[in-house]
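Notes to accompany the following structure.
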Amino acid sequence: MKQEAAQHKLLLLALSSCFVIPVLLLFLQSIAGEWRFPHLLPSSFSYYGWESIFQDASLVSALWTTWSLTLTVILLNLLLAFPAAKQLAFSSFRGKEMIETVLFLPIFIPALALAMGLHLTLLRIGLASTFWGVVLIHMLPTLPYTIRIVRAGFERLGSQQESQAQTLGASQVHVFFHITLPQLLPSVRAAIFLVTVISLSQYALTTMIGGGEVVTLALLYFPFAESASTQVMAAFSILFALLPLTFLFLIEGLIRLCLPYRVSKI
Amino acid sequence: MVQALSIQKLNKTYQKGNVLNEVSFSVKKGEIVSVMGASGAGKSTLLQCIAGIESCTAVQLELDQQDISNWSAKKRPIVLMFQDSLLFPHMTVLENVTYGLRVRRYNKQEREREGLYYLKKVDMVEHANRYPHQCSGGEQQRIALARALITKPSLLLLDEPFARLDESLRRMMRTWVKGVLKEEGVTALFVTHDREEAMLMGDRIFVMARGTVLSSGKPAELTESPENLEVANLIGEGIVLENRTFISAANLSVVLHKAQLPESAYYIQEGTVTHCFRRHGQVFLGLQLFTDKQDVILPAAGELKVGANVWVWAEESALQPLNGGCSSFSDDPKPAFVGENEI
């Protein structure tokens, strides 16, 4: 037992050094004034990196746009994926295979090719260069994954628990919030994280559909990478990496606040 | 006695065809009815239709004199217990048991009081704050029973609830569950494919095959006098002769030597002992009959060696014609299966 515990600790240490040390180094880099080889630590510290990114007016607005865009994409993803995934998991109907294929096509066909065609349509209906146009285009590379993840969750859960709750007198809404959602939380967490990461990193799609009007962090990231110092880049990267975490904490907090059961026990 | 459930011509059709065909029966208040049949007979579908989980058509579907055919599963005062206990894994045992009350908006104190009362009833009160995965299979089924009973359903449907339990636990649970159901005065339909379980649990038994109820009656009536061949094969205790005649095991006797056969013996067959076992102090012999190639289990006065030859006999009055056939003796003075030395 003791040996096993020691092994676990060693593994944990090895894993955390792989993940924690690079992040720590990145953080150090963002506040380093001068840091030259062969010094192990920076010889001076400065907040120049952080100051310069927050002084950039476009960054604050891009941060806000990215945040609201990603949140909208997450919510829309969950809203559409739950009913679709449930039907695909439990129902059998004519044309199911075809619908499944259509739903997963955006993963197989390059999103840019789809976006070219969609751009024309969005121009026609007046959604090009708007927030909602970008939201719509971000659904393309994210929704297939969300449906897949949530569907796997439903299949793991099975439909009998829902039937059981119904015969005990529960309504569909009650079943969803008390039985289904608490047990699908691992899938919801995975979907949120994946959607956030995919949506945040969309450069080409956002540029094409946003038309320069909708500026997200990804759009600012590349010019920064070319021109700014390593400090600024490090600070920007940390900011970029923190965004998915804020969504995760936000949703997790909401879930813990709203759900009546201790979700950690699931 | 007042009727609790009344069903007339219930049908259920899937794309592949009919699963339930014109099912009609009624159940009295406080009665426990076993629904027995082989796999695929439509037993589980029938329960799901009654619970409202599956849609169906019926000329009459009444519970406590109220037409419930258009009621949703949520509205029907019926609880279905599945093969798996289906406890909600994210809730404690007490939260599971009181889920039905939570749905009905009982306040927390009331819920806990009732929950603990029912947990006490099923001897699980010390598990109240545990999670389902910390309980054994039998304990989980007891919790599921408490969760079903707490809502005081007009009808409880049990779909092979002991199927996942081991033999000894299953035997213990049968008697115990029946006791609890009788104590609570619950009307229940109990689905099983196990003949012994059906007889033990049910005040009456419905025998199902091909989506319809073939026969119904008290356990002893069905096992000793099955109406037709299918019922005889499914639940009858005895032997079936040429698919036309049935002899109940209660009317069959065993002797060791031919000379011991009485004069009144009409049906005579030689057979061999395939196995011998004791249950509740009584010795039983598993026999294989030579001519009819049938297996039958009969009580005996003492143990016999496996492979020993015996004679099985019955009086003429013990032969019962099965529906769809005719008595073998009405037109044939020398039936084929009577032993070579006629008495």
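The values are calculated or read from the model by the stated rules, or taken from the named source; none is laboratory data. Being a predicted model, the structure only gives us computed values, none of them experimental. Every residue, glycine as well, gets a Cβ built from its backbone with ideal geometry; the counts of neighbours run over all protein chains shown. Ligands, DNA and RNA are excluded from the accessible area calculation, which covers all protein heavy atoms including side chains. Shrake-Rupley method; radii C 1.70, N 1.55, O 1.52, S 1.80 Å.
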Farthest towards the positive end of the dipole of the protein assembly as shown, among A:Leu217, A:Leu10, B:Gly286 and with Cβ unit charges of +1 on Lys and Arg and -1 on Asp and Glu, lies the Cα of A:Leu217
Interface buried area B-A, accessible surface with 1.4 Å probe, both sides summed, nearest 100 Å², comes to 2200 Å²
Here the Cα Rg-to-2.2 N^0.38 Å ratio for chain B is 1.18
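Using only Cα atoms, what is the ratio of the radius of gyration of region A:106-170 to 2.2 N^0.38 Å? Please report the intermediate quantities before stating the final value.
Details: Rg = 18.4 Å, N = 65, 2.2 N^0.38 = 10.7 Å.
It is 1.71.
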Check: C-alpha center region A:145-161 vs C-alpha center region A:1-52, spacing in Å is 38 Å
Square roots of five times the C-alpha gyration tensor eigenvalues of region A:114-237, ordered largest first and given in whole Å, equal 39, 20, 11
Of the DSSP H helices in chain A, the ones reaching 24 Å or more along their long axis in Cα terms and averaging at least -1.0 in Kyte-Doolittle hydropathy are A:2-30, A:57-90, A:131-157, A:181-200, A:230-258
With the dipole of region A:84-231 defined by +1 on each Lys or Arg Cβ and -1 on each Asp or Glu Cβ, the option from A:Thr206, A:Gly153, A:Val134 whose Cα lies farthest towards the positive pole is A:Gly153
In degrees, nearest 10, the alpha-carbon axis of helix B:108-121 is tilted away from the dominant principal axis of the alpha carbons of chain B by 20 degrees
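First check a/c for region B:239-321, with a ≥ b ≥ c the square roots of the eigenvalues of its C-alpha gyration tensor; if it is under 1.5, answer rounded, and if not, answer prolate when a/b is larger than b/c or oblate otherwise. Walk me through the intermediate numbers first.
On the way: a/c = 1.57, a/b = 1.44, b/c = 1.10.
Prolate, because a/c is 1.5 or more and a/b exceeds b/c.
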Taking Cα atoms, the helix B:167-184 axis meets the longest principal axis of chain B at an angle in degrees (rounded to 10) of 60 degrees
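Please list B:His257, B:His275 in order of solvent-accessible area, largest first, computed with a 1.4 Å probe with all protein chains present. Could you put the intermediate results ahead of the total?
On the way: B:His257 110, B:His275 80 Å².
From most exposed to least exposed: B:His257, B:His275.
What is the dipole size for region B:231-287, taken about its Cα centre, with +1 at each Lys and Arg Cβ and -1 at each Asp and Glu Cβ, in debye to the nearest 20?
Values: 4 positive and 4 negative charges, 40 e Å.
About 200 debye.
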Taking the dipole of region B:3-223 about the Cα centre (Lys, Arg +1; Asp, Glu -1; charges at Cβ), the one of B:Val93, B:Ala163, B:Ser216 that reaches farthest to the positive side is B:Val93
Given unit charges at Cβ for Lys, Arg (+) and Asp, Glu (-), the dipole magnitude of region A:1-148 about its Cα centre in debye, nearest 20, is 480 debye
Test assert for region A:129-170: residues whose accessible surface shrinks by at least 20 Å² between chain alone and all chains, 1.4 Å probe, equal A:Gln160, A:Gln161, A:Ser163, A:Gln164, A:Gln166, A:Thr167, A:Leu168, A:Gly169, A:Ala170
The value for the protein assembly as shown (convex hull of the alpha-carbon atoms, volume per residue, Å³) is 255 Å³
The size of the Cβ-based charge dipole (Lys, Arg +1; Asp, Glu -1) of the protein assembly as shown about the Cα centre, to the nearest 20 debye, is 1880 debye
Helix B:137-149: inclination vs chain B longest Cα principal axis, degrees, rounded to 10, gives 60 degrees
Mean projected area, convex hull of alpha-carbon positions in region B:116-199, reported to one decimal in nm², is 5.5 nm²
Exposed trypsin sites (Lys or Arg not before Pro) being those in a DSSP loop with at most 15 other Cβ atoms within 10 Å, the longest stretch of chain A free of them is A:95-261
Expressed in angstrom and rounded, the centroid-to-centroid distance over alpha carbons for region B:134-193 and region B:208-255 is 27 Å
Highest GNM mean-square fluctuation among A:His138, A:His178, A:His39, for chain A with Cα springs under 10 Å, belongs to A:His39
In region B:251-290 the DSSP beta bridges are antiparallel at a rate, in percent to nearest 5, of 100 percent
From the Cα centre of region A:170-235 to that of region A:68-95, the distance in Å is 17 Å
Kirkwood Rh over alpha-carbon pairs of region B:153-232 plugged into Stokes-Einstein at 37 °C, 0.692 mPa s gives a D in µm²/s of 243 µm²/s
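For the protein assembly as shown, give me the percentage of DSSP beta bridges that are antiparallel, rounded to the nearest 5 percent.
Working: 54 of 73 bridges.
Bridges in the protein assembly as shown that DSSP calls antiparallel: roughly 75 percent.
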With every protein chain in place, the accessible area of A:Thr180 for a 1.4 Å probe, in Å² rounded to the nearest 10, comes to 10 Å²
Ignoring chymotrypsin sites (Phe, Trp or Tyr not before Pro) buried by more than 14 other Cβ within 10 Å or outside DSSP loops, the longest site-free run in chain A is A:94-202
Per 5 angstrom bin, beginning at 0 and ending with the bin that holds the maximum distance, the Cα pairs of region A:13-94 fall in percents of 3, 11, 10, 10, 11, 12, 11, 10, 7, 6, 4, 3, 1, 1
hull vol. (C-alpha, convex hull) per residue for chain A, Å³ -> 200 Å³
Links exceeding 25 Å between C-alpha atoms in this model, out of B:Lys75/B:Lys108; B:Lys29/B:Lys75; B:Lys16/B:Lys152; B:Lys108/B:Lys178, come to B:Lys16/B:Lys152; B:Lys108/B:Lys178
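What accessible area per residue, rounded to a whole number of Å², is obtained for region B:3-223 using a probe radius of 1.4 Å?
Details: 9230 Å² over 221 residues.
In whole numbers, region B:3-223 has 42 Å² accessible per residue.
I'm a student and want to see the number: the projected area of the Cα convex hull of region A:34-176, averaged over all directions, in nm². Could the numbers behind the result be given before it?
Values: hull surface 63.4 nm².
Orientation-averaged projected area of the Cα hull: 15.8 nm².
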Length-normalised contact order of chain B, Cα under 8 Å, at least 6 apart, in percent, tallies to 16 percent
